[in-house]
Amino acid sequence: MNNKQHLIFFLSLFLSIFIISCSESNGDGGDTCQKDEDCSENQICISKKCVSNSFLCQNKKCSNHGKCIVINASATCDCDTGFIPQGLSCTQAPCIKNSECANNEICQEGECIDENTLCQNVNCGNGNCVIENKVAKCNCNDGYIEENLSCIEDKCQNVECSIIEMCNNDTGKCEVVTNPCDGVNCGEHGECIYDKDGNASCECENGYIDKETQCIFEIPCVKTAETDNCSDGLDNNCDGTINDNCSCSSGSTLDCYTGDSSKINIGECKTGIISCVGGEEWGSCDGEILPSEEICDNKDNDCDGTTDLNPNGEILSKKCYTRDILETQYPNSRCKEGRYECKDGIYDTNNCIDEILPLDTEICGNSIDDNCDGRIDEDCVAPIVTCSNDISRAYLFEAPVRLSAEATDSNGTVVSTEWSFFSKPDGTASSLNPTTGTRTQFIPDTVGEYIARFTATDNDGEKSYCDIHINAKTRDHLNVTLTWDKGGNSDMDLHLLKPGVDSSKWGTINDCFWAVSNPDWGEHGVSIDNPRLDRDDTNGFGPEVIQIESPKDGKYTVGVDYFDAQGMGASIATIKIICNGEEHSYSSQALNPKDKWAVIDIVWANETCSLETASRNY
C-alpha cells in the first residue's frame, strides 16, 4: 500500500467513514483496491477489486448506432455519424452541418442553435463581436485591429515607414519588405548590400571596387608623397601623371610607371618610357603594362605572383549551365549554375562543376520547383480536409467532447491522419483519444480554450489541416485549480477548508481533499452546496480541481500540500480561482517537499466572491 492508502485507512477509523460497495462482480478479481487510482491502466476498482474497465460496457448496446467505450472510468457511447449520445444510447441528431439549420442558426454537437451564441463568450475588448458567414469576428473601435477574436492596439496607426518598409504591429516598428537590391547586378566579384535608408551598393571581393553598383577590377596606386619626385619616373602622389610641375631638357627620358611600383616586373607588369616634350614638360608614360583583371591565359595578368587565380586565391572560373539558363531563374528553382575552371590557360568546358540540373518529377510538399519549369508541386494536390464546427460550450468533467473531420485526396490516397492539440489551457492533462482516424474525443479538465488540429497526409507527403476551437467552461460557480511544474509522479494535493472552522481541521471532514473528496457541508441531502474534488493527480503537473456548484456564504481557505516529491525536489505550485465563470486569481509559490501553503481566502457572499489573505494557517 502507498502512503495515501495508509492515511485513508487510519482516517477511515478516526472519522468513522465506511465504504459501502454495492455492485455485481464480473468474476475476474484482481488486486485489492480502495479507489480507481490504486489499479493499473485500463482498470477500475469494483468491490475492492481491480477489474478491466470494459466491465462497465457489458450489455451496453448504444441503440445499435454506436459502441460503448470507457472514458475516465465512465461508460459512454461513441455514436455513429448523424447520431448523438443520450445517456447510454445513441439518438438521431437533429443536424450534422450548418446547412440543415435555419439561416440564423448553426449546427453544434448535433443540435441547431442560435448563431449568436458564438459571441456569448467572446470578449473583443475595444470592439464588438459580430457574426459574419456563421463565424464570430470582432468589429474593433478606431485605433484597434482584430487578432484572435480580440481587439488589440494598432501600434502602427501613426507610424510612417519608408517605401521599402512595412510596420510590424507587434513592435510598432518598420521592417524592410522591399529589397533595394532587386535588379542590382554587382557582377561575379561582389554582392549587393543596402543601408538603413534603402541605398544599395556593392560589397566587392578583394582587388575589386564598387563603381556605379558594379564590382570592377582595381588598378592600385600607393601614394608616397604630396608631390612627384622629379627623378624616379613614378606617380608619387597618385594623381594619374608623372613628374607634373617638374622641369626637363629636350631629349631627356626616364623609365616610368603610373601604378603601384611594387608590381614592377611581377607577372606581366612592366615599366614604360617617359620623354621630355619640347624641353618644357614631361609627356605620358608610353609602353608601361599595369595590372589588369586576371583572365584564363596562363599569365599573371594582375601581377600578384600567381597565374590564373582570382585575388582571393580561388582558381579562375566562369559560370556555366548545360541546359536552358531560364531554368535557373525561376523562383524557388532547384536548378543552379555551375562553373568552368581554368586549366593550363583554357577553360575546361567538359566539366560544369557544382551545376544542379532539374529532376524528372516534382517532390511533393518541399516548396521547391524540382523540375525547374516555373511551377511548384504542379502535379501534387494536398488532401482536402473539413472539420466539424467550433464548440462554444463544453463543460468540465462531463460527457466527452466529440470531434470529427473528413479528408479526401483527388490525385492519390490519404495515408495517415492525426489529431493533436494545437493549443490548450495551461496545466490541463486532457488528451485526445484516439489520435488517429477521423473521429476523436476528450474530456476537458481546465477552463479555457482548446484548439484541436486534424492533419491528413497523402501518399505524396502533402499535408493539410483544419482546427476546431473548443471553449471549456464550468457549470459550477466556484472552481479552484492546482497545477505544478514537476512530473516524475510528484504529488501535490489541493485542499479547501470549510468556512467557520479553525486551522486544526485540515485533513478532516471539514477539509475537501483526496481522502475526503465530496464532504457534506451544506444542507443535508442537498449536493449543490458541497465541494467536489473532481480530479486528483499523483503523476505530476496536475491539474487537481475542486468545484462547488452553489457555495454557501462564508470564508473558504485554499491550501496546497506538497505530499510526495518522489525525488523531484522543489516545485512551483500555481492556483487559479474562477468565480461565476470569471478568473479572479492566479497565484504561484515555490514549495519544498512536505511544505504546506495556505494560499488565500475565498469570501462568498450573495452569490459573489472576493479574495482575502489567508486567515487560517496550514
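What to note about this one:
- Taking 0.36 nm per residue of separation and subtracting the current Cα-Cα distance, fully stretching the chain between Glu146 and Phe421 would add 96.7 nm.
- Between Asp114 and Asn206, residue separation times 0.36 nm minus the direct Cα-Cα distance comes to 25.9 nm.
- Virtual spin-label span in nm between Ala570 and Val135, 7 Å along Cα→Cβ: 4.8 nm
- Accessible carbon and sulfur surface of the chain relative to its total accessible area, %, 1.4 Å: 45 percent
- Equivalent ellipsoid semi-axes - Cα gyration tensor, the range 197-347, angstrom: 41, 19, 12
- For Ser47, the accessible area of its heavy atoms, probed at 1.4 Å with every protein chain present, is near 50 square angstrom.
- Remark: the range 559-610 projects, on average over all directions, an area of 3.9 nm² (convex hull of Cα atoms).
- Evaluating 6.51 cos²θ - 1.76 cosθ + 1.60 at θ = phi - 60° for every residue in the range 245-258, the Karplus couplings come out as 6, 10, 7, 7, 10, 4, x, 6, 9, 9, 5, 9, 7, 8 Hz, glycine and proline recorded as x.
- Our helix-only sum for the chain, with -39,500 (n - 2.57) per DSSP H run of n ≥ 4 divided by its residues, gives a mean residue ellipticity at 222 nm of -500 deg cm²/dmol.
- Using R0 = 22 Å, the C-beta based FRET efficiency linking Asp520 and Glu549 works out to 0.95.
- With bins 5 Å wide beginning at 0, the percent of Cα pairs of the range 33-108 falling in each bin runs 3, 17, 18, 14, 13, 12, 9, 6, 4, 3, 1.
- Additional length obtainable on full extension of the chain from Cys246 to Ser292, 0.36 nm per residue less Cα span: 13.7 nm
- Gap separating the Cα centres of the range 427-480 and the range 322-345, nearest whole Å: 49 Å
- DSSP beta bridges confined to the chain are antiparallel in about 95 percent of cases.
- Flagged links, alpha-carbon separation over 29 Å, of Lys173/Lys486; Lys49/Lys596; Lys61/Lys97; Lys67/Lys463: Lys173/Lys486; Lys49/Lys596; Lys67/Lys463
- Asp467 contributes about 50 Å² of solvent-accessible surface, heavy atoms of the protein only, 1.4 Å probe.
- Rounded to the nearest 10 Å², the accessible area of His477 at probe 1.4 Å: 80 Å²
- Modelled spin-label separation between Ser74 and Gln157, with each label point placed 7 Å from Cα along the Cα-to-Cβ direction: 4.7 nm.
- Alpha-carbon gyration tensor eigenvalues x 5, square-rooted, for the range 302-411, Å: 55, 19, 9
- Of every Cα-Cα pair in the range 259-359, the percent that sits beyond 16 Å: 67 percent
- The convex hull of the Cα atoms of the chain, projected and averaged over all directions, covers 46.6 nm².
- P(r) tail for the range 53-163: Cα pairs beyond 24 Å make up 53% of the total.
- Förster radius 25 Å - calculated FRET efficiency between Arg393 and Thr81, Cβ distance, rounded to 0.05: 0.70
- For the range 90-104, 3J(HN,Hα) per residue [Karplus equation, 6.51 cos²θ - 1.76 cosθ + 1.60, θ = phi - 60°, Hz, x = Gly/Pro]: 10, 10, 4, 6, x, 8, 10, 9, 4, 5, 8, 10, 5, 4, 9
- In order along the range 184-194, the phi-based Karplus estimate (6.51 cos²θ - 1.76 cosθ + 1.60, θ = phi - 60°) of 3J(HN,Hα) comes to 8, 10, 7, x, 6, 10, x, 9, 7, 10, 9 Hz; Gly and Pro are listed as x.
- Computed Rg/Rh of the range 483-618, alpha carbon atoms with Kirkwood Rh: 0.95
- Accessible area in square angstrom per residue, the range 264-347, 1.4 angstrom probe: 57 Å²
- Hydrodynamic analysis of the range 343-457 uses the Kirkwood radius over alpha carbon pairs. Inserted into Stokes-Einstein at 25 °C and 0.890 mPa s, it gives a translational diffusion coefficient of 135 µm²/s.
- The convex hull of the Cα atoms of the range 466-529, projected and averaged over all directions, covers 7.5 nm².
- Tail fraction, Cα-Cα pairs, the range 135-185, threshold 14 Å, whole percent: 60 percent
- Accessible area expressed per residue, the range 153-220, with surrounding protein chains retained (probe 1.4 Å, Å²): 69 Å²
- Across the alpha-carbon set of the range 422-557, the Rg to Rh ratio works out to 1.11, Rh being the Kirkwood radius.
- Nearest 10 degrees, 0 to 90: helix 3-15 Cα axis against the chain principal axis: 30 degrees
- Heavy-atom surface of the range 415-567, accessible at 1.4 Å and reported per residue (Å²): 38 Å²
- Amide H contacts under 5 Å for Cys320: Gly338, Arg339, Tyr340, restricted to partners 5 or more places along the chain or on a different chain, H placed in the peptide plane at 1.01 Å from N.
The values are calculated or read from the model by the stated rules, or taken from the named source; none is laboratory data. Quantities reported herein were computed from a predicted structural model and do not represent experimental measurements. For neighbour counting, all protein chains shown are included, and Cβ atoms are generated from backbone atoms with ideal geometry for every residue, glycine included. Heavy atoms of the whole protein, side chains included, go into the accessibility calculation; ligands, DNA and RNA do not. Shrake-Rupley method; radii C 1.70, N 1.55, O 1.52, S 1.80 Å.
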